[in-house]
Amino acid sequence: MKLHDGRILDYVREFRSPWSVTMQTIWPNLVVQRELNTLGTRHIVPHGPDEFTMIWTMFGYKGDTPEMTRHRLRQGNLMGPAGFLGLEDNEAMKFVQDGLEKSRAGAAVVELGGREEGSSRTLITEAAIRSMYRHWRQVMEL
Amino acid sequence: MLPGFVSAPVAPELARALRAEIEEFHAAYCAVLDAGRIEEWPAFFTADALYRITGRENAEAGLPVGLV
């Protein structure tokens, strides 16, 4: 199975970086991201414990050529609520939300990768999540 | 109106003749989408057609993004 139009996955090297994707979370509710040539943010706005709005914002440069702008817009279909990549992220968030609701009154086990926190040498770890919750407890004075 | 679109008057007889054809086209288009036969959807467009998705917020702000 192959895409009829492969342009959505074209990658124009526009930055001096070995990476084609980078996602930076700014605590507590903002992700600043680059995925190939799409530049964007995901901003979570909570409406209480059971509901939030996710605001997607996509960017281009003022000096982009019309072709680059079209490319960014076309590739932007990777993102968004039903984006080729974004769709899966949204489903994952739904699973997390469901899990949180089930364990709200108690505690949850977050021990993937042991008990290390912060930076890790592997993706197969919840080290960053443990750090986030530690900081969250400090901020919430728990 | 989208740039490049030019509105022009149509003779009443021609409008009457085309109306049925256009309505049948719309009915077929909607039937295909309602049935979920998404593979047949592109056939309703010309090869050089541009299908541009936007949202009200961005359309009013003059911004081009249309995330689905």
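Okay, here's what the table says:
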{"quantity": "GNM top mover of A:Phe15, A:Phe52, A:Phe84 - chain A, alpha-carbon springs below 10 Å", "calculated": "A:Phe15"}
{"quantity": "Taking chain B and dividing mean pair separation by its residue count, relative contact order in percent (alpha carbons under 8 Å, at least six apart)", "calculated": "16 percent"}
{"quantity": "Region A:1-87: trypsin sites (Lys or Arg not before Pro) falling in loop per DSSP and having at most 15 other Cβ within 10 Å", "calculated": "A:Lys2, A:Arg13, A:Arg16, A:Lys62"}
{"quantity": "Cβ-Cβ FRET estimate between A:Met140 and A:Val110, R0 fixed at 22 Å, reported to 0.05", "calculated": "0.85"}
{"quantity": "Prolate/oblate/rounded label for region B:12-65 (Cα gyration tensor, a/c 1.5)", "calculated": "oblate"}
{"quantity": "On Cα atoms only, tilt of A:86-102 relative to the major axis of chain A in degrees", "calculated": "10 degrees"}
{"quantity": "Gaussian network model of chain B, springs between alpha carbon atoms under 10 Å - residue of B:Arg16, B:Arg37, B:Arg56 with greatest fluctuation", "calculated": "B:Arg56"}
{"quantity": "18 Å reach of a label modelled at A:Ser131, 7 Å along Cα-to-Cβ, counting backbone N of region A:15-36", "calculated": "A:22-33"}
{"quantity": "Percentage relative contact order, region A:1-119, counting C-alpha pairs under 8 Å, at least six apart", "calculated": "15 percent"}
{"quantity": "Evaluated at q = 0.09, 0.13 Å⁻¹: base-10 log I(q)/I(0), Debye formula over Cα of the protein assembly as shown", "calculated": "-0.57, -1.01"}
{"quantity": "R0 of 45 Å, Cβ-Cβ distance A:Ser103-B:Thr46: FRET efficiency to nearest 0.05", "calculated": "0.25"}
{"quantity": "Cα-centre dipole for chain B with unit charges at Cβ (Lys and Arg positive, Asp and Glu negative), debye to 20", "calculated": "160 debye"}
{"quantity": "Most positive-pole-ward Cα, B:Pro9, B:Ala43, A:Thr122, against dipole of the protein assembly as shown from beta carbon charges", "calculated": "A:Thr122"}
{"quantity": "Dipole moment magnitude, nearest 20 debye, chain A about Cα centre, only Lys, Arg, Asp, Glu C-beta charged", "calculated": "400 debye"}
{"quantity": "C-alpha long axis of helix A:66-75 to longest principal axis of chain A, angle in °", "calculated": "40 degrees"}
{"quantity": "Förster radius 25 Å - calculated FRET efficiency between A:Ser119 and A:Thr41 (Cβ-Cβ, nearest 0.05)", "calculated": "0.65"}
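Here, each number is a calculation from the coordinates, and none is a lab measurement. Just so it is clear, the structure is predicted and the values come from calculations on it, not from any experiment. Positions of Cβ are backbone-derived with ideal geometry, glycine not excepted, and every protein chain shown enters the neighbour counts.
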